[in-house]
1. Among the residues of the range 101-110, write down those that are open to solvent by less than 70 Å² (accessible area, probe 1.4 Å) and not in a strand (DSSP E or B).
2. Could you list, in sequence order, all residues of the range 89-100 that are outside any loop (DSSP other than H, G, I, E, B), open to solvent by less than 50 Å² (accessible area, probe 1.4 Å) and touching an Asp or Glu at 6+ places or on another chain (Cβ under 7 Å)?
3. Which of the residues spanning the range 16-53 are closer than 19 Å to TYR79 by Cα, open to solvent by 80 Å² or more (accessible area, probe 1.4 Å) and not in a strand (DSSP E or B)?
4. Residues in the range 74-88: is at least one touching a residue at least 40 places away in the same chain (Cβ under 8 Å) and assigned to a strand (DSSP E or B)?
5. Hey, among the residues in the range 54-73 that are assigned to a loop (DSSP other than H, G, I, E, B) and over 14 Å from LEU105 (Cβ atoms), which one's least open to solvent (accessible area, probe 1.4 Å)?
6. Restricting to the range 12-61, what's the tally of residues that are of a type in the set (Ser, Thr, Tyr) and under 20 Å from VAL94 (Cα atoms)?
7. Would you mind stating whether VAL71 is modelled with pLDDT of 95 or more and within 14 Å of LEU29 (Cα to Cα)?
8. Yes or no: the range 42-49 includes at least one residue that is on the phi < 0 side of the Ramachandran plot and among the polar types (S, T, N, Q).
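The values are calculated or read from the model by the stated rules, or taken from the named source; none is laboratory data. Owing to the predicted nature of the structure, the values given are computational and were not obtained by experimental measurement. Note: ideal-geometry Cβ built from the backbone for every residue, glycine included; neighbour counts use all protein chains shown. Calculation scope for accessible area: heavy atoms of the full protein, side chains included, ligands and nucleic acids excluded. Shrake-Rupley method; radii C 1.70, N 1.55, O 1.52, S 1.80 Å.
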Amino acid sequence: MTTEQNAPACVWSAVRDAPVRELFPGIRLRSLWKGDGGATAHVLEMDANTRWQGVDVHEPGPEEVFVVSGVFNDGHRDYPAGTFIHAPAGSSHVPQTTTGCTLFLFYPEG
C-alpha cells in the first residue's frame, strides 16, 4: 500500500474532550474544529426548558444544524432528532427546547 506524501491529514476531536463554554444558563457550546477559512464545527447542548437570550442572527454566513437528540425549536416549530436544518446567511431564530436537545452545528463561513 502506498500513501500520498502531500495528502492532508484528517483532524478529529471527541465531544467529551472538547472545551465547554456556557453561552446562557443551561446552554453549552463545545467547539470541535476550526478551519483555515473560518469554518467551524460545534456541539450545542441545551437543557430542558432553556431558551437563547435574544435573537440568533446568522452572519456572516449560513448555519447548518443537525438535531442529534431531543427536540429543538427555532421559535416557530419543533425539529425532532434526525432533522437537518439549513439557515441561510441573514436569517435568524430564537433557539429553545422544552425537552432538552443536542445539536451539531456547522458554520461553513465562520
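1. Initially, the range 101-110 is screened for residues open to solvent by less than 70 Å² (accessible area, probe 1.4 Å), giving 101-103, 105-108, 110.
Those that are open to solvent by less than 70 Å² (accessible area, probe 1.4 Å) and not in a strand (DSSP E or B): PRO108, GLY110.
2. Taking the range 89-100 first, the residues outside any loop (DSSP other than H, G, I, E, B) are 92-93, 96-97.
Adding the requirement that they be open to solvent by less than 50 Å² (accessible area, probe 1.4 Å) leaves 93, 96-97.
Within the range 89-100, HIS93 is the sole residue that qualifies.
3. Across the range 16-53, the qualifying residue is only ASN49.
4. Start the filter on the range 74-88 by keeping residues that are touching a residue at least 40 places away in the same chain (Cβ under 8 Å), which leaves none.
The answer is no; no qualifying residue exists.
5. Of all residues in the range 54-73, those assigned to a loop (DSSP other than H, G, I, E, B) come to 54-55, 58-62.
From what's left, over 14 Å from LEU105 (Cβ atoms): 54-55, 59-60.
Values: GLY54: 45, VAL55: 93, GLU59: 117, PRO60: 84 Å².
Selected residue: GLY54.
6. First pass over the range 12-61, keeping only residues of a type in the set (Ser, Thr, Tyr): 13, 31, 40, 50.
Keeping just the survivors that are under 20 Å from VAL94 (Cα atoms) gives 50.
Within the range 12-61, residues that are of a type in the set (Ser, Thr, Tyr) and under 20 Å from VAL94 (Cα atoms) number 1.
7. Values: modelled with pLDDT of 95 or more: yes; within 14 Å of LEU29 (Cα to Cα): no.
Criteria not met by VAL71.
8. So in the range 42-49, the residues on the phi < 0 side of the Ramachandran plot come out as 42-48.
Next cut, among the polar types (S, T, N, Q) only: none.
No, the range 42-49 contains no residue that is on the phi < 0 side of the Ramachandran plot and among the polar types (S, T, N, Q).
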